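The values are calculated or read from the model by the stated rules, or taken from the named source; none is laboratory data. Please read all numbers here as calculations on a predicted model, not as lab measurements. Every residue, glycine as well, gets a Cβ built from its backbone with ideal geometry; the counts of neighbours run over all protein chains shown. For accessibility, only protein heavy atoms count, side chains too; no ligands or nucleic acids. Shrake-Rupley method; radii C 1.70, N 1.55, O 1.52, S 1.80 Å.
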Amino acid sequence: MASIKINNLGKVYAGDVRAVEDINLDIADGEFIVLVGPSGCGKSTLLRMIAGLETITEGDLFIGDKRVNGLEPAERDIAMVFQNYALYPHMTVYNNLAYGLKNRGFPKDEIEKRVQETAKMLEIEQFLDRKPRALSGGQRQRVAMGRALVREPAAFLLDEPLSNLDAKLRVQMRLEIKQLQRRLKTTSLYVTHDQLEAMTLGDRLVVLNQGNIEQVGSPIDVYNRPESLFVAEFIGSPSMNLFSQADLDGPTNENAAKHLPEGTDILGLRPDQLLFEAPDTPHIRLDCKVALYEPAGAESHLYLILNSNGQHVTMRVHGEPPVHEGGDISIYAPVSAVHPFNSTSGRRTD
Amino acid sequence: MQTKKMTFNHRWLPYLLLAPQVIITIIFFIWPASQALYQSLLRQDAFGFRTTFVWFDNFQRLFVDDLYVNSLKVTLIFAVGTTLLSMSVALLFAVMVNKMIRSRDAYTTFLVWPYAVAPAIAGVLWWFIFNPSIGILPYALDMFGINWNHRSNGDQAMLLVIIAAAWKQISYNFLFFLAGLQSVPHSLIEAAAIDGAGRVKRFWTIVFPLLSPITFFLMVVNVVYAMFDTFGVIHATTEGGPAQATNILVYKVYRDGFVGMNLGSSAAQSVILMAIVVVLTVIQFRFIERRVNY
Amino acid sequence: MVENNRWGNILAHTILIFGVALVVFPVYVAIIASTHPSGTFLRGTIPLLPGGEAWENYKTVMFEGRSRAGTPPISLMLWNSFVMAMAITIGKLSISLLSAFAIVYFRFPFRLFFFWIIFLTLMLPVEVRIVPTFQVVADLGMLNSFAGLSIPLIASATATFLFRQFFMTIPEEMLEASRVDGAGPFKFFKDILLPLSITNIAALFVIMFIYGWNQYLWPLLITTDPNYYTIVMGIQRMVTGGDSEPLWHLVMATVVLAALPPVLVILFMQRLFVKGLTETEK
Ligand SMILES: Nc1ncnc2c1ncn2[C@@H]1O[C@H](COP(=O)(O)OP(=O)(O)OP(=O)(O)O)[C@@H](O)[C@H]1O
Ligand SMILES: [Mg+2]
């Protein structure tokens, strides 16, 4: 087990394609880091540079105390779980798990012991003699996990490992991965698209955008205090409503503006921060038309259209709204709930 | 051309891996071919003492040489005849077999094995059957008043080698046609049936056009086969005769170079053959590329 | 089937049975002829029913040869053919696998150049460069040897391209996973690539064995020593050698023995054969 230190890491692909730019990140021993970001932002590239599957074109990478820039993947003491699992189709599950150990010259009985232990932990003992072809998607996923676990590496690298599973299995495997990581305390890097995985799995969340880190923090911190417009929009589902200061008129809003930090011209409000009644404190007032009510059990969504500029507003509600579709409604939010941003810098202003 | 995105880094290993193939190719393919190119521009005197550089004289002589022009003609007839005969019979078999459900595999088994018979052996087999004195077919033909003797009749000799060469190639064409027929979507045929097309019409308006890429591919392959792989058929039976009637180009190169020892002319003939192969290969590969693309 | 026409089916079966008969006929005649004594061929036509001399004829060609059939014993020629066919097959497969591996899994200067060199072999069949190739082999002292019979024929663009195409379909992650598992180029080739290619190798094996066994022009050129005659070319010496009518019963016994091994290979490995044929496209 080891810490990972990433210093000014960058990647330029052949043909001058910049995928990752000047990344700095210290990952503590045993920490679970989740990398999120939109498609093409460089998550896989970063992970694969750490794995040694892509050459590092700029910066330094340390695993433990060792600089590993030039090392082969096998020499870095990491294990990787691939999105399509990449199980060796011609080998049995047993040999899939054992292959890495054999190549490292482990004695036979040690291999046997480790494979059996890992198989037991993942409940795949009964499949050890089967070929991957004869397994279900979920079982294959477990074997892929097993191949990583059996090596007891310094770090696990997982690139969207659950995205090929159906929704239900995904939830189940998510929980199992979390429990496993808690138990084994192996440093882990986990790449995902999925909001829920991002929020629930990691100790820390790293939000990437166009090859740069936008924000690093615990999932709840990132949710509660997005540092940039990008993070504000990207984290949270449904995503945050963003209003331009210029579109909010009326005395109430003019008063509210006085209580916002200097330089604020974009106001962010999450769907669950909007209210039907005006609070006593300084607040924002939004005059809207009800477009659609979407009841969905515990949490329902109300879609509104802002009168001043016609933009869409999403509001989370509990139970029937007071006004029917097509009717006019005013909604409110206290200034204290507003996420204030500056549109030029894209950063938070408070 | 593509590689994998990720590759091994090794300075000399790839060259080592390629070495056997490349060395053999250079020594036994490229070097002799360039020798042929070079020799085609030379002429040796009768005793092999002096060689002179004659530019394209060997080629010019070839095209005014009656024997060579005859060989071109013979090759054309042989290639076209073999291709047509073999492909049409194979297509007929494939269409019939494709109708079968239970007996399909059995028929296929009976039709594929001639592929394994060497051209030379195919020649000998038919040579035997058509043997003028003891053969079965001449005996049967005699009853129709046809006198069969391929030892003296050039047309009959040609027919004999065409039959032998085509017989061996039926398997190959059959398998490709059958694969092609099986990939014709059944819904198309049903749609045509609903549109009121009868069996025969359905075949010629729907199925056959869909087979045209395979037909074209097989045409090229068969012409290549007839021109270059049938040396054995000729050599083991007619030996080019009677009176040059079956002296195809490949056989003539061999005779002129090995038996006649006319190196310059033989080399020039080799060069012409190379040009033909190059053209046919290019046609074939452009076609395959297209097929991969759609 | 759109409509199952009863008469159409009967017609189809008739055509096919007739066709199969036509295809089988020459070989049937050969088998029959090989069971008759030599006297049969002196009078009248080829018989259509078996005779009683099969054992005698096959024994003669297999083990006596020269004196009565004008060739060395067939057993030696069969052996030579087998050695040549196996050498060509294994040689082609090995060097093609290695080249395809280099071309797909390495990036190096002149890669494309080498690819085109290999491609050139497609355009230069032996038949078009007979004399100079013979000269090269003669200069290297490879006449009348198994090396001479096989090595010049083992370059193969077709097999290289087929393996290249197959390697390209193997997911990228297979290499990545095995590198994480500590496999270098050799281990990857041996533990992952070869086992994954096994059906392709088997399919090509069938095609190439037949190709090797059926070689005719090449052994004809480079063997003058009867100890290196292969069976397919040996037959020609029996048919056209000498002025008298060939000894048909012995020729046909030889023909049957020469055709048998590759035919058996096809019949027993029909599925692999069809795969090999239709996927290599030549
Ligand atoms: N081998 C390559 N050569 C050139 N550019 C590449 C290569 N691989 C990736 N890129 C580019 O680098 C950028 C980052 O790619 P990367 O695969 O890291 O994205 P990602 O965040 O993993 O996306 P996704 O969520 O879709 O998997 C993209 O713009 C991509 O087009
Ligand atoms: Mg990715």
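One table, with the values for the structure above:
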{"quantity": "Percent breakdown of C-alpha pair distances by 10 Å bin, ordered from the shortest bin, for segment C:99-152", "calculated": "20, 35, 30, 15, 0"}
{"quantity": "Cα→Cβ-extended label distance, 7 Å offset, between A:Gln83 and C:Ser75, nm", "calculated": "6.5"}
{"quantity": "Stokes-Einstein D in µm²/s, Kirkwood radius over Cα pairs - segment C:141-282 at 4 °C with 1.567 mPa s viscosity", "calculated": "71"}
{"quantity": "Among C:Ile170, C:Ile201, C:Ile15, residue whose mean-square fluctuation peaks in a GNM of chain C (springs only between Cα atoms under 10 Å)", "calculated": "C:Ile15"}
{"quantity": "Cβ-Cβ FRET estimate between B:Trp55 and C:Ala147, R0 fixed at 35 Å, reported to 0.05", "calculated": "0.40"}
{"quantity": "Cβ-derived FRET efficiency at R0 51 Å, C:Ile198 paired with C:Trp7, nearest 0.05", "calculated": "0.65"}
{"quantity": "Percentage of interatomic Cα-Cα distances in chain C larger than 25 Å", "calculated": "60"}
{"quantity": "Charge tally in the Cβ shell below 14 Å around B:Thr82, where Lys, Arg are +1 and Asp, Glu are -1, B:Thr82 excluded", "calculated": "0"}
{"quantity": "Antiparallel DSSP beta bridges within the protein assembly as shown, percent to nearest 5", "calculated": "75"}
{"quantity": "Segment B:206-294: equivalent-ellipsoid semi-axes (sqrt of 5 x gyration tensor eigenvalues, Cα, Å)", "calculated": "33, 16, 8"}
{"quantity": "19 Å Cα-Cα reach of A:Lys102 towards aspartates and glutamates, excluding residues that sit fewer than 8 places from it in its own chain", "calculated": "A:Glu72, A:Glu75, A:Asp77, A:Glu110, A:Glu112, A:Glu117, A:Asp129, A:Glu152, C:Glu176, C:Asp181, C:Asp191"}
{"quantity": "Cα radius of gyration and Dmax for segment B:77-291 (Å)", "calculated": "20.1, 67"}
{"quantity": "Globularity index of segment A:102-176, i.e. its alpha-carbon radius of gyration over 2.2 N^0.38 Å", "calculated": "1.16"}
{"quantity": "Accessible area per residue, Å², segment B:77-291 with all protein chains present, probe 1.4 Å", "calculated": "38"}
{"quantity": "19 Å Cα-Cα threshold exceeded, pairs from A:Lys5/A:Lys66; B:Lys73/B:Lys252; A:Lys43/B:Lys5; B:Lys4/C:Lys187; A:Lys66/A:Lys178; B:Lys99/B:Lys201", "calculated": "A:Lys66/A:Lys178"}
{"quantity": "Stokes-Einstein D in µm²/s, Kirkwood radius over Cα pairs - segment B:58-112 at 4 °C with 1.567 mPa s viscosity", "calculated": "92"}
{"quantity": "Residue of A:Arg104, A:Arg174, A:Arg142 that the Gaussian network model of chain A assigns the largest fluctuation, springs spanning Cα pairs under 10 Å", "calculated": "A:Arg104"}
{"quantity": "Cα-based radius of gyration of segment B:22-81 once divided by 2.2 N^0.38 Å, which approximates compact folds", "calculated": "1.49"}
{"quantity": "Estimated FRET transfer efficiency when R0 is 56 angstrom, pair A:Asn307-B:Ala193 (beta carbons, to 0.05)", "calculated": "0.35"}
{"quantity": "Whichever aspartates and glutamates have a C-alpha closer than 13 Å to that of B:Lys168, once near sequence neighbours (fewer than 8 apart) are set aside", "calculated": "B:Asp229"}
{"quantity": "Within segment A:256-350, GluC sites (Glu not before Pro) in DSSP loop having at most 10 other beta-carbon neighbours inside 10 Å", "calculated": "A:Glu262, A:Glu277"}
{"quantity": "Per residue solvent-accessible surface (Å²) - segment A:1-44, probe of 1.4 Å", "calculated": "42"}
{"quantity": "Percent carbon-and-sulfur accessible area, segment A:1-160, ignoring ligands, DNA and RNA, probe 1.4 Å", "calculated": "46"}
{"quantity": "Kirkwood hydrodynamic radius of chain A, from inverse mean 1/r over distinct Cα pairs, in Å", "calculated": "22.8"}
{"quantity": "Expected 222 nm ellipticity per residue - DSSP helices of 4 or more, -39500 (n - 2.57), all of the protein assembly as shown, to 500", "calculated": "-16000 deg cm²/dmol"}
{"quantity": "Semi-axis lengths, Å, the protein assembly as shown, gyration tensor of Cα atoms, sqrt of 5 times eigenvalues", "calculated": "74, 33, 28"}
{"quantity": "Solvent-accessible area, 1.4 Å probe, carbon plus sulfur percent, for segment B:77-291", "calculated": "65"}
{"quantity": "Chymotrypsin sites (Phe, Trp or Tyr not before Pro) lying in DSSP loop within segment B:86-150, provided at most 15 other Cβ fall within 10 Å", "calculated": "B:Phe144"}
{"quantity": "GNM top mover of A:Ala256, A:Ala134, A:Ala296 - chain A, alpha-carbon springs below 10 Å", "calculated": "A:Ala296"}
{"quantity": "Accessible area buried at the C-B interface, both sides summed, 1.4 Å probe (Å², nearest 100)", "calculated": "10300"}
{"quantity": "Kirkwood hydrodynamic radius over Cα pairs of segment C:1-141, then Stokes diffusion coefficient at 10 °C and 1.306 mPa s, in µm²/s", "calculated": "74"}
{"quantity": "Kirkwood Rh, angstrom, segment A:83-228 [1 / mean 1/r, Cα pairs]", "calculated": "16.5"}
{"quantity": "Set of segment A:147-183 residues, backbone N closer than 18 Å to the point 7 Å along the Cα-Cβ line of A:Thr92", "calculated": "A:147"}
